Amino acid sequence: MSDATPSRATILVVDDTPTKLYILSSWLRRAGYEVVEATGGLEALHRIADLHPDLVVLDVRLPDISGYEVCERIKSDPATSSIPVIQISGAAITAADRALGLHRGADGYLAEPIEPDEFVATVEAALRYHRARQRAERLAARLGALTDLTLAMNAAQTFDELLSTAVSGTSRILGRKAGVVALAPDGRTRRLTALPPEGTPTFRTVQPSVLELLGERALGQRAGTEFLIIPHDYWSAIAPDTPSRLDITAVLSRTKRDRPPVLLGVEPDPELDEDELSMLRQLGQAVALAVEALRAYAEEHAIALTLQRSLLPSRVPRVPGLDIVWRYQPAVDNVEVGGDFYEVLELGEKVLVAVGDVQGHSLLAATVMAELRHALRASLIGKVELDQSLSLLNDVLRRYHPRMTATVCLTLLDPVTGEAQIANAGHIPPLLLDGDGGARYHERFGNLLLGVAEEVYRIDRVVVPPGGSVLMFTDGLVEDRDKYLDDSLEIARRAAEEIGDDMDEAAGRLIDTFGAREDDVALVIVRRHPPLIAR
């Protein structure tokens with residue numbers, strides 16, 4: 001036990017002499033301790049295993065095994081090693097005897113005759129040390145658990161995962177029923193509860209206004225952390241599915257002014273001590289910091305996606321004789337905007353499809369991407385020459401962004417004849433699908449990428465048959481740290497062979513083939529209509 005009052009401490013007295021056992025036990029009972037007795041060493045070990053007393057008073061001479069051996073067994077067992085042992089003897093009273101007892105694990109050694117006051121004072125001193133050690137070990141364990149919990153919360157990928165981790169960890173650390181209430185980025189209020197020892201979280205209902213009401217009461221509009229005692233009647237009114245009949249001890253924490261606070265509470269049964277209150281406060285602050293970090297990330301990610309999408313085409317044209325589908329999928333874990341882009345333009349009777357990738361993930365990469373898209377459009381006003389368009393983009397990049405590089409692939413397709421021109425500046429080449437299940441890459445990567453040096457860009461000519469398709473994508477689709485690029489390109493080629501009539505489904509399936517991506521993906525599929533079948 002860890003409480004300071006003697007009446008809450010249990011002491012095992014071990015002695016085979018009835019008179020001596022009675023006297024020692026009487027002294028301890030008068031001092032307010034609960035006493036359990038044993039008359040032999042083996043009996044004492046069984047009682048220790050069953051009761052786990054706070055202290056053992058142990059005679060050295062016992063009928064079965066010696067007190068020295070009993071003490072050694074107590075101290076060698078991790079489950080009982082922290083229990084203080086005071087050895088007593090009327091025969092082994094020399095300095096050597098006392099030294100032997102202390103060397104073999106005793107925390108104190110008294111030689112008879114013993115004065116009652118000295119005996120009780122020795123017991124109290126041993127218990128004080130024991131309680132201080134227990135408190136220090138418990139605090140160290142909780143601080144270690146708090147560190148692990150903080151790391152787990154910060155590693156959470158979703159808001160619900162974060163709150164589940166927080167409430168289950170709080171329940172385990174404090175050994176109490178715990179609950180958390182927080183406002184998610186989607187505007188919905190989440191409430192989770194967990195029971196020890198597993199700490200498995202359960203989602204429950206709560207009135208959406210609870211955080212606003214409690215936040216105004218405890219914090220106003222300022223940042224900080226405050227304790228709250230929430231009466232059961234009040235809490236049951238705003239959370240009717242609460243099974244408990246107890247008041248709630250909680251902390252309300254906000255990391256920034258005018259931001260939604262986070263409520264973390266536990267049942268105060270038994271009442272929380274100073275260490276537990278301090279730990280609850282630290283837990284509340286850690287949860288609030290993790291929640292605010294994830295909320296800020298979600299907001300930044302939404303802003304980045306909005307900006308990124310605003311720089312890309314809002315639609316692609318409908319072209320007679322062609323089916324065109326496209327996809328743009330941002331990287332799963334990147335809050336910064338990227339430089340991947342696509343473009344589909346009607347140029348008279350032909351259609352230009354462009355796919356490109358500017359180096360890096362940053363606002364600069366997105367800005368350069370937008371510049372290249374506008375420069376490409378400008379280059380196509382009037383006479384359409386793909387090699388000259390790429391040369392212009394190369395000049396723009398080298399002059400205005402000399403430290404940036406980009407890859408771009410252009411395909412100019414005539415929907416009527418199927419004739420196509422392809423110009424490639426270091427990009428993954430288009431996949432050409434013949435409509436009968438065959439798929440091949442045009443040529444590997446074409447000319448030099450943009451932004452490196454002056455280059456003469458080659459134009460290749462191919463024919464896309466009726467029912468055939470051109471598939472173009474950025475390297476984010478196929479680049480993986482643990483795979484060779486050639487292997488991933490072959491996976492994409494085989495997947496393209498299975499493109500059926502539903503091109504929207506095929507585009508999604510192609511991306512799903514590679515799973516969550518670490519880089520953005522831009523993808524465009526253009527298919528010529530198959531020939532009409534005469535009736």
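The values are calculated or read from the model by the stated rules, or taken from the named source; none is laboratory data. This one's a predicted model, so the numbers in the text were calculated from it and none came from an experiment. Heads up, the Cβs are rebuilt from the backbone with ideal geometry, glycines too, and the neighbour counts pull from every protein chain shown.
A quick yes/no check of all residues on (1) without any contact (Cβ under 8 Å) to a residue 40 or more places away in the chain; (2) of a type in the set (Gly, Ala, Ser):
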| site | (1), (2) |
| --- | --- |
| Val85 | yes, no |
| Ala99 | yes, yes |
| Phe119 | no, no |
| His130 | no, no |
| Ser168 | yes, yes |
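Hey, can you tell me all the residues within the range 15-56 that are buried (at least 16 other Cβ atoms within 10 Å of the Cβ), of a type in the set (Phe, Trp, Tyr) and within 16 Å of Glu115 (Cα to Cα)?
Scanning the range 15-56 gives a single hit, Trp27.
Residue by residue, here is whether (1) at pLDDT 90 or above; (2) more than 30 Å from Gly32 (Cβ to Cβ) holds:
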| residue | (1), (2) |
| --- | --- |
| Pro116 | yes, no |
| His130 | no, no |
| Leu146 | no, yes |
| Gly169 | yes, yes |
| Val180 | yes, yes |
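Only one residue in Leu305, Leu347, Leu312 is exposed (fewer than 15 other Cβ atoms within 10 Å of the Cβ) and at pLDDT below 70. Which one?
Leu305
So Gly468 clears everything in (1) crowded, with 16+ Cβ neighbours inside 10 Å; (2) closer than 22 Å to Ala331 by Cα; (3) not hydroxyl-bearing (Ser, Thr, Tyr) except one condition, right? Which one?
Every listed condition holds for Gly468 apart from (2).
I need the full set of residues from the range 495-535 which are of a type in the set (Lys, Arg), modelled with pLDDT of 80 or more and farther than 14 Å from Gly468 by Cα, in order please. Show your work before the answer.
Let us first name the residues in the range 495-535 that are of a type in the set (Lys, Arg), namely 509, 517, 527-528, 535.
Of the ones still in play, those that are also modelled with pLDDT of 80 or more are 509, 527-528.
Hit for the range 495-535 is Arg509, nothing else.
Does Arg259 satisfy the criteria of being in the same structural domain as Thr165 (by TED's automatic domain parsing), surrounded by 15 or more Cβ atoms within 10 Å (Cβ to Cβ), part of a loop (DSSP other than H, G, I, E, B) and among the basic types (Lys, Arg)?
Working: in the same structural domain as Thr165 (by TED's automatic domain parsing): yes; surrounded by 15 or more Cβ atoms within 10 Å (Cβ to Cβ): yes; part of a loop (DSSP other than H, G, I, E, B): yes; among the basic types (Lys, Arg): yes.
When the stated conditions are applied, Arg259 passes them.
Name the residue that is farthest from Val452 (Cα to Cα), counting only residues in the range 406-425 that are surrounded by fewer than 20 Cβ atoms within 10 Å (Cβ to Cβ) and not hydroxyl-bearing (Ser, Thr, Tyr). Step through it out loud before you land on a result.
Keep residues of the range 406-425 that are surrounded by fewer than 20 Cβ atoms within 10 Å (Cβ to Cβ), which gives 414-419, 421.
Checking the rest, the ones that are also not hydroxyl-bearing (Ser, Thr, Tyr) come to 414-416, 418-419, 421.
Numbers: Asp414: 31, Pro415: 34, Val416: 37, Gly418: 33, Glu419: 31, Gln421: 24 Å.
Among residues in the range 406-425 that are surrounded by fewer than 20 Cβ atoms within 10 Å (Cβ to Cβ) and not hydroxyl-bearing (Ser, Thr, Tyr), the one farthest from Val452 (Cα to Cα) is Val416.
Out of Ile83, Ile74, Ile93, Ile65, I need the residue that is in the same structural domain as Arg133 (by TED's automatic domain parsing) and crowded, with 22+ Cβ neighbours inside 10 Å. Which one? Working first, answer last.
Numbers: Ile83 fails: crowded, with 22+ Cβ neighbours inside 10 Å; Ile93 fails: crowded, with 22+ Cβ neighbours inside 10 Å; Ile65 fails: crowded, with 22+ Cβ neighbours inside 10 Å.
Going through Ile83, Ile74, Ile93, Ile65 in turn, the sole match is Ile74.
Quick check on my filter: what residues within the range 375-405 are within 24 Å of Arg528 (Cα to Cα) and in a loop (DSSP other than H, G, I, E, B)?
Of everything in the range 375-405, those that are within 24 Å of Arg528 (Cα to Cα) and in a loop (DSSP other than H, G, I, E, B) turn out to be Leu380, Val384, Glu385.
Would you mind listing the strands (runs of 3 or more DSSP E) fully within the range 128-214 where at least 3 residues are surrounded by 20 or more Cβ atoms within 10 Å (Cβ to Cβ) and not acidic (Asp, Glu)?
Of the strands (runs of 3 or more DSSP E) lying wholly inside the range 128-214, those with at least 3 residues that are surrounded by 20 or more Cβ atoms within 10 Å (Cβ to Cβ) and not acidic (Asp, Glu) span 178-183, 189-195.
Which residues, taken from the range 471-500, are touching a strand residue (DSSP E or B) at 6+ places or on another chain (Cβ under 9 Å), surrounded by 14 or more Cβ atoms within 10 Å (Cβ to Cβ) and not hydrophobic (A, V, I, L, M, F, W, C)?
Thr474, Asp475, Gly476, Arg493, Glu497
Under 8 Å between Cβ atoms, which residue pairs at least 6 apart in sequence (or on different chains) link something in the range 396-419 that is free of Cβ contacts under 8 Å to residues at least 40 places away in the same chain with a partner that is of a type in the set (Val, Ile, Thr)?
Short answer, once both residue conditions are applied: none.
Please go through (1) over 33 Å from the mean Cα position of the chain (by Cα); (2) within 28 Å of Asn394 (Cβ to Cβ); (3) assigned to a loop (DSSP other than H, G, I, E, B); (4) not polar (S, T, N, Q) for Arg517 and return the number of the only condition it doesn't satisfy.
(1)
Quick one: which of Asp186, Asp160, Asp148 is closer than 17 Å to Leu263 by Cα and of a type in the set (Asp, Glu)?
Asp160
Residues Glu490, Glu498, Glu518, Glu505: which one is under 18 Å from Asp357 (Cα atoms) and of a type outside the set (A, V, I, L, M)?
Just one listed residue meets the conditions, Glu518.
Which one of Val470, Val464, Val452 is within 26 Å of Arg403 (Cβ to Cβ), assigned by TED's automatic domain parsing to the domain that holds Asn394 and modelled with pLDDT of 90 or more?
Of the residues listed, the single one that is within 26 Å of Arg403 (Cβ to Cβ), assigned by TED's automatic domain parsing to the domain that holds Asn394 and modelled with pLDDT of 90 or more is Val452.
For the subset of the range 328-344 comprising residues that are closer than 29 Å to Ala155 by Cβ and among the charged types (D, E, K, R), which member is surrounded by the fewest Cβ atoms within 10 Å (Cβ to Cβ)?
Step one: filter the range 328-344 for residues closer than 29 Å to Ala155 by Cβ, giving 328-340.
Filter once more, so that each one left must be among the charged types (D, E, K, R): 333, 336, 340.
Details: Asp333: 11, Glu336: 17, Asp340: 29.
For the range 328-344, the residue satisfying everything is Asp333.
Does Thr242 meet the test of being farther than 22 Å from Arg176 by Cβ and either in contact with a Cys (Cβ under 6 Å, 6 or more places away or on another chain) or among the β-branched types (Val, Ile, Thr) (or both)? So that I can check it myself, show each step before the final result.
On the way: farther than 22 Å from Arg176 by Cβ: no; either in contact with a Cys (Cβ under 6 Å, 6 or more places away or on another chain) or among the β-branched types (Val, Ile, Thr) (or both): yes.
When the stated conditions are applied, Thr242 does not pass them.
Residues of the range 365-395 being surrounded by 21 or more Cβ atoms within 10 Å (Cβ to Cβ) and of a type in the set (Val, Ile, Thr), which ones?
Across the range 365-395, the qualifying residue is only Val368.
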